[in-house]
Amino acid sequence: MRLYNTLVNKKQELKTIREGKVGLYICGITAYDSCHVGHARSAVVFDIITRYLRYRGYDVTYVKNFTDVDDKIIGKANAEGTDIATIAERYIKEHNDDMGALGVVPPTVTPRATEYIGGMIKLIETLIAKGLAYVMDGDVYYAVSKFYGYGKLSGRSLDDMIAGARVDVNERKNNPLDFALWKASKEGEPWWESPWGKGRPGWHIECSVMSQHLLGDTFDIHGGGEDLIFPHHENEIAQSEGASGKPLANYWMHNGFVRINKEKMSKSLGNFFTIKDMLASYQPEVLRFFMIQTHYRSPADFSGDSLAEARQGLERCYTALKAIKDALAGHVVPAGIPDQLTGQDEAFYKIVAELPQKFQEAMDDDFNSAKAIGHIFDAVRHINAFAGKSFAATPAALFVVDVARRNLLEIGNVLGLFLMDPDDYFDRDRTLEVAKRGLDTTLILQLIGERNAARAAKDWQKADEIRKALAEMKVVLKDTPTDTLWQIE
C-alpha cells in the first residue's frame with residue numbers, strides 16, 4: 001500500500017509502527033453549528049480509508065476528537081444565554097446523527113477537549129521549561145522561532161511567514177506568528193485553574209494532547225482537511241515534537257476542499273449546505289458516491305449537476321444488483337464452481353472474478369476510489385448485459401451471477417455503498433424525487449395503468465402518447481415480463 005504523505009509531498013509505502021496495527025488521528029468538528037458537506041467529505045474520506053485498512057487486515061485504532069471549548073462555542077453560548085456544555089452537546093449529537101445517516105462507522109475513540117485540560121497544562125509546562133513557550137499576563141504563547149523546522153508540513157519558511165504576516169493587534173506577543181497555548185479568562189467565559197491563573201486552552205494544544213495520550217508520542221497517520229495543514233497541523237507538530245523530541249506522526253493525509261459551483265465553500269459567501277438539508281433531498285449513498293467519485297486529495301465540485309451525475313451512477317450499480325436479484329430469484333445457486341465454464345459464462349466469470357483484485361490495486365495506490373469506481377462501472381456494464389432479459393438460468397450462469405453479487409457487495413461494504421436491497425433503494429429514490437419535484441404519485445400510477453390497459457388492447461398509439469406524457473414529467477418507464485417499473489430521471 002502506498003499513500004501520499006503531505007510532509008514529504010510524495011507517495012510512500014505504508015509501514016506501520018506495530019505490525020498489523022494502525023493508529024489514526026483525525027481532527028473533528030468544533031461543536032458550535034450544524035455540519036455541512038465539507039464536514040461530510042472529510043468524514044466519508046477517512047471512513048473509507050479506515051474501512052479499507054481493516055479490509056486489508058489492519059487493526060485500526062481510529063481517534064477523532066470533538067472541540068468542545070472554543071471562541072465560537074463561547075460566543076454562541078453567550079448569545080443564547082446558556083453554557084458551552086449545552087451548545088457542544090447539541091451539535092455533537094447532531095453531528096453523530098448526520099454521520100449515522102451517512103453510514104460513517106463510529107471512530108474507536110471520540111475524545112472531547114474538556115476531558116484533557118490537565119494534560120494540556122502539563123504539556124504547556126514542559127514547553128515553558130524547554131524555552132519554547134512564554135507567559136504574558138496569564139496568557140501563554142508558543143515561540144515559533146525557537147522550534148527548528150517550523151513550517152516543514154506546509155512548506156513555508158519562517159522568514160517568509162514573518163514577512164507576510166499582518167500586523168498583530170496583540171502587541172504583547174514576541175512574534176506575530178506566536179500562537180496561544182493558554183488564554184487568560186475574560187468575564188463571562190469558562191475557565192480552569194492553571195499555574196498562570198484562570199483560563200482555557202488554545203485550539204491547537206487540544207489535538208496534541210489527545211492524539212498522543214491515546215496513540216502515543218509517535219503514531220502512524222494524522223489526517224484532516226487540507227485547510228488544517230496551516231496553521232493547525234503545523235502548530236501541532238511544533239507543540240508535540242518540541243515537547244517529546246519525536247515525530248508526531250509518520251504520515252500526514254489531507255482531503256481536498258468541497259467547492260460549490262467551482263468556488264470554495266464558505267459561510268461568509270453563503271454557499272454552504274448542511275448535511276441535514278442534503279439528506280432531505282438525496283439518499284445518503286448518493287452523497288457518499290459523490291464524494292468517492294473524486295480522488296480524496298482533489299477538490300470535489302458540489303453542484304446540482306454533480307449530484308445528478310452521482311445519483312445516475314449509483315442507479316446503474318443498483319440496476320445491476322436488481323438484475324442479479326431477479327436472475328437468482330427462485331433458483332438454487334450451485335455450491336461450487338461447475339465443472340466447466342464456456343463461452344459467455346467463462347468470459348463473464350473472468351470479468352467479475354477479477355473485480356476484487358482490480359479494486360485492491362486501485363485502493364492500494366493512495367486510496368484511489370475514483371479508479372475503483374471505474375472498475376465497478378465496467379463490471380456493472382457487463383452484469384446488466386449478462387443478467388438482463390435474455391438470461392438463461394443454467395447452473396453455470398447462476399454460479400457466475402452469484403459471484404458477481406458477492407464481489408460487488410464485498411467492495412460496496414468497504415465503500416459504504418450497495419447496502420440496501422435494490423427494490424428498497426429504488427422505492428426510496430422515487431419517493432425523494434417525487435417530493436423534491438412536486439409530482440403527483442397518484443396521477444403517475446393512473447397514467448401507467450392506462451398505458452398498460454392500452455398495451456393489453458394493442459392500442460400502441462395511445463400507449464406511446466401516455467409514455468411521452470410521462471417522459472415530459474421526467475418519469476422513465478421500464479417494462480418487464482411481469483410489471484412496468486418507473487423511476488424519476
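The values are calculated or read from the model by the stated rules, or taken from the named source; none is laboratory data. Nothing here was measured: the structure is a model prediction, and the numbers come from that model. Heads up, the Cβs are rebuilt from the backbone with ideal geometry, glycines too, and the neighbour counts pull from every protein chain shown. Quick note on the areas: whole protein, heavy atoms, side chains included, nothing else; ligands and nucleic acids left out. Shrake-Rupley method; radii C 1.70, N 1.55, O 1.52, S 1.80 Å.
Details
- Applying a DSSP loop filter and a limit of 14 other Cβ atoms within 10 Å to the trypsin sites (Lys or Arg not before Pro) in the stretch 142-247 leaves R166, R172, K186, K198.
- Only protein heavy atoms count here; under a 1.4 Å probe, T82 has an accessible surface of about 50 Å².
- With the convex hull constructed from alpha-carbon coordinates only, the stretch 202-348 shows a mean projected area of 15.4 nm² over all directions.
- Rg/Rh ratio calculated on Cα atoms of the stretch 239-298 (Kirkwood radius): 1.16
- Compared with the direct C-alpha span, the chain from A370 to I162 gains 70.9 nm at full extension, assuming 0.36 nm per residue.
- Shown in residue order for the stretch 222-237 are the 3J(HN,Hα) couplings computed by the Karplus curve 6.51 cos²θ - 1.76 cosθ + 1.60 at θ = phi - 60°: 10, x, x, x, 5, 5, 8, 3, 9, x, 4, 6, 4, 6, 4, 4 Hz (x for Gly and Pro).
- Applying 0.36 nm per residue to the separation of M473 and E354 and subtracting their alpha-carbon distance, the gain on full extension is 38.8 nm.
- Over all pairs of different C-alpha atoms in the stretch 34-163, the reciprocal of the mean inverse distance, the Kirkwood hydrodynamic radius, equals 18.2 Å.
- Cα centroid separation - the stretch 403-480 against the stretch 263-310, whole Å: 25 Å
- Solvent-accessible area, 1.4 Å probe, carbon plus sulfur percent, for the chain: 50 percent
- Contour excess over end-to-end distance, with Cα ends at R56 and A280 and 0.36 nm allotted per residue: 77.2 nm
- Other residues whose C-beta falls under 15 angstrom from the C-beta of K371 contribute a net charge of -2, scoring Lys and Arg +1 and Asp and Glu -1.
- At most 16 other Cβ within 10 Å, DSSP loop - trypsin sites (Lys or Arg not before Pro), the stretch 1-100: K15, R18, R56
- Separation between Cα centres of the stretch 74-130 and the stretch 348-372, rounded to whole Å: 38 Å
- Computed Rg/Rh of the stretch 331-489, alpha carbon atoms with Kirkwood Rh: 1.06
- Taken per residue, the accessible surface of the chain reaches 46 Å², heavy atoms only and a 1.4 Å probe.
- Cα point-scatterer Debye curve for the stretch 185-266, base-10 log of I(q)/I(0) at q = 0.17, 0.20 Å⁻¹: -0.80, -0.93
- Prolate/oblate/rounded call for the stretch 366-433, Cα gyration tensor, a/c under 1.5 rounded: oblate
- Within the stretch 14-120, the GluC sites (Glu not before Pro) that combine a DSSP coil assignment with at most 15 other C-beta atoms in a 10 angstrom radius are E19.
- Calculated P(r) of the stretch 295-400 - Cα pairs past 17 Å, %: 61 percent
- Shape parameters for the chain, alpha-carbon atoms, Rg then Dmax in Å: 27.4, 92
- As a size descriptor, the averaged projected area of the C-alpha convex hull of the stretch 100-231 was calculated at 10.4 nm².
- C-alpha long axis of helix 343-353 to longest principal axis of the chain, angle in °: 20 degrees
- Once the Cβ-Cβ distance of D421 and D227 is raised to the sixth power relative to R0 = 41 Å, the FRET efficiency obtained is 0.60.
- Share, in percent, of DSSP beta bridges within the stretch 133-284 that are antiparallel, nearest 5: 70 percent
- FRET efficiency, 1/(1 + (r/R0)^6) with R0 60 Å, evaluated for K15 and A79 via beta carbons: 0.80
- Rg ratio (alpha-carbon, reference 2.2 N^0.38 Å) - the stretch 297-355: 1.69
- Value of Rg to Rh for the stretch 85-128, rounded to two decimals, is 1.16; Kirkwood radius and Rg both from alpha-carbon coordinates.
- Share, in percent, of DSSP beta bridges within the chain that are antiparallel, nearest 5: 50 percent
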